[in-house]
Amino acid sequence: MNADMLLTGTMDDLVTTRTASLPSPAELQLIFEALSKFITQYESSPKDEKREILKHIQDAAISLARTSASPMESLMSFLFQPHHNACVRVAIGMGVFDHITARGGPLSLELLAEKTRSEPEFVFRILRALVAMDILHESQPGFYSHTPLSELLADSGIQAYAVHQWDNINFCMSQFGSYFEKHGYRSPADPKNAPFTCAMGMENASFFEILELNPTRMDVFNRGMAGFNTGVVALYDFGSLENISQEAVAIVDVGGGKGHTLLEILDTFPALKGRCVLQDLPAVLHGNVVIPDGDICLQPYDFFREVQPVNGRIPHAISEYFAWLIRHQELQYICTNGFFMIGQTQTAGPSSETYLQL
């Protein structure tokens, strides 16, 4: 492509010019056949197997999309992902998803601008992006309604988690370049001077110490964790723990926040008799725990600094998932000490009195 083409050509010209060799029909056919096979299996499979087959369908569909896209198209999609997140964050702040829910049906651009006290032109720009991302549906020109995804984003807990991701996590990651240029390209070893610490303009303060100084951020974090953890009941057969004696510890929820996950488990499996332990930082456990006193044991615990005080038999699949979940929620990429403490938790030795650690 010459200079004149660069000045006058479209993005399609640029994409076409920089495209590597096109995928062969045989390559596309192979992926398509795999996708068709999984769809056939899904149609005839029992209900309890459909979710697993859907994962295979999703993987095949993603593979087909990646193979059929040019490298430049894939790159542009990757680079513009933060713009998608930004639109969702702004829409949450405006109350877009809440107002559509309250309406109970399609909401016009004009009425949405009125309810959000925003300029119609600005609202239109946000809505146009959300429709393009299939987050909202434009049922007719100028009228917007929910999709299954936006219905999730109307949930207050999910909203809090999205805000936490943007305001805390994404903001922190936006400072990675300058942080590693200054401190060197190696894994941060000091949790009190990690990227999040520097992003917040502070020194010698960990992630949670910073949140404790900002009640609003801490509240968003706690509500977000509660919203993110919904659905845990479907992950494991907690009914298998119903025969555990009252003296034994049945469940330990590590970093369990205000107890929303444990409450969901106990409500679903009221026959559980074993003791349940809720572990988190003292500041988190102080007040507003959602489970009544006496139903569980509250245990202050910092898994970054302390060896897990309760040991037990942890089913491999669920321990692997929750080890990832804890590290993910509490910024494992900021503090590598988390890997060390999780390792001690899982290797400190079994106990016949503890059956499951979340």
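The values are calculated or read from the model by the stated rules, or taken from the named source; none is laboratory data. None of these values were measured; they are calculated from a predicted model. Positions of Cβ are backbone-derived with ideal geometry, glycine not excepted, and every protein chain shown enters the neighbour counts.
Only one of GLN165, GLN140 is under 30 Å from ALA194 (Cβ atoms) and out of contact with any Asp or Glu (no Cβ under 8 Å at 6 or more places or on another chain). Can you tell me which? Steps first, answer last, please.
Working: GLN140 fails: under 30 Å from ALA194 (Cβ atoms).
Matching residue, one of GLN165, GLN140: GLN165.
Taking the criterion of being under 24 Å from LYS258 (Cβ atoms) and hydrophobic (A, V, I, L, M, F, W, C), would at least one residue in region 185-198 satisfy it? Write out each step before concluding.
Start the filter on region 185-198 by keeping residues that are under 24 Å from LYS258 (Cβ atoms), which leaves 191, 196.
Next cut, hydrophobic (A, V, I, L, M, F, W, C) only: 196.
Scanning region 185-198 turns up at least one residue that is under 24 Å from LYS258 (Cβ atoms) and hydrophobic (A, V, I, L, M, F, W, C).
Residues of region 173-193 being assigned to a helix (DSSP H, G or I) and either without any contact (Cβ under 8 Å) to a residue 12 or more places away in the chain or over 16 Å from the mean Cα position of the chain (by Cα) (or both), which ones? Give the steps one after another, and end with the answer.
First, the residues of region 173-193 that are assigned to a helix (DSSP H, G or I): 173, 176-183, 191-193.
Passing the criteria: PHE176, GLY177, SER178, TYR179, PHE180, GLU181, LYS182, HIS183, PRO191, LYS192, ASN193.
Quickly run through region 96-109 and pick out the residues that are assigned to a strand (DSSP E or B) and either touching a helix residue (DSSP H, G or I) at 6+ places or on another chain (Cβ under 7 Å) or free of Cβ contacts under 8 Å to residues at least 24 places away in the same chain (or both).
Within region 96-109, the subset assigned to a strand (DSSP E or B) is 107-108.
If the condition is that a residue be assigned to a strand (DSSP E or B) and either touching a helix residue (DSSP H, G or I) at 6+ places or on another chain (Cβ under 7 Å) or free of Cβ contacts under 8 Å to residues at least 24 places away in the same chain (or both), then LEU107 is the only one that fits.
For region 129-148, name all the residues that are surrounded by 17 or more Cβ atoms within 10 Å (Cβ to Cβ) and assigned to a helix (DSSP H, G or I).
ALA129, LEU130
For ASN222, which of the numbered conditions (1) touching a residue at least 24 places away in the same chain (Cβ under 8 Å); (2) in the same structural domain as PRO309 (by TED's automatic domain parsing) fails to hold?
Exception for ASN222: condition (2).
Residue by residue, here is whether (1) in contact with a strand residue (DSSP E or B) (Cβ under 6 Å, 6 or more places away or on another chain); (2) loosely packed, with under 14 Cβ neighbours inside 10 Å; (3) at positive phi; (4) at pLDDT 85 or above holds:
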| residue | (1), (2), (3), (4) |
| --- | --- |
| LYS258 | no, no, no, no |
| LEU266 | no, no, no, yes |
| LEU281 | no, no, no, no |
| GLU320 | no, yes, no, no |
| LEU331 | no, no, yes, no |
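What number of residues in region 198-222 are among the charged types (D, E, K, R), touching a Lys or Arg at 6+ places or on another chain (Cβ under 9 Å) and either in a helix (DSSP H, G or I) or surrounded by 18 or more Cβ atoms within 10 Å (Cβ to Cβ) (or both)? Break it down into steps so the answer makes sense when it comes.
Of all residues in region 198-222, those among the charged types (D, E, K, R) come to 203, 209, 212, 217, 219.
Filter once more, keeping what is touching a Lys or Arg at 6+ places or on another chain (Cβ under 9 Å): 203, 209.
Narrowing further to those that are either in a helix (DSSP H, G or I) or surrounded by 18 or more Cβ atoms within 10 Å (Cβ to Cβ) (or both): 209.
The qualifying residues number 1.
Within region 78-95, is there a residue that is in contact (Cβ under 8 Å) with a residue 24 or more places away in the chain, of a type in the set (Phe, Trp, Tyr) and out of contact with any strand residue (DSSP E or B) (no Cβ under 6 Å at 6 or more places or on another chain)?
Within region 78-95 (the criterion being in contact (Cβ under 8 Å) with a residue 24 or more places away in the chain, of a type in the set (Phe, Trp, Tyr) and out of contact with any strand residue (DSSP E or B) (no Cβ under 6 Å at 6 or more places or on another chain)), the answer is no, since none of the residues qualifies.
Restricting to region 123-165, count the residues that are without any contact (Cβ under 8 Å) to a residue 12 or more places away in the chain and under 27 Å from ARG217 (Cα atoms).
Qualifying residue count, region 123-165: 1.
At pLDDT 95 or above, over 25 Å from the mean Cα position of the chain (by Cα) and either part of a helix (DSSP H, G or I) or among the charged types (D, E, K, R) (or both): does that describe LEU112?
Values: at pLDDT 95 or above: yes; over 25 Å from the mean Cα position of the chain (by Cα): yes; either part of a helix (DSSP H, G or I) or among the charged types (D, E, K, R) (or both): yes.
Yes.
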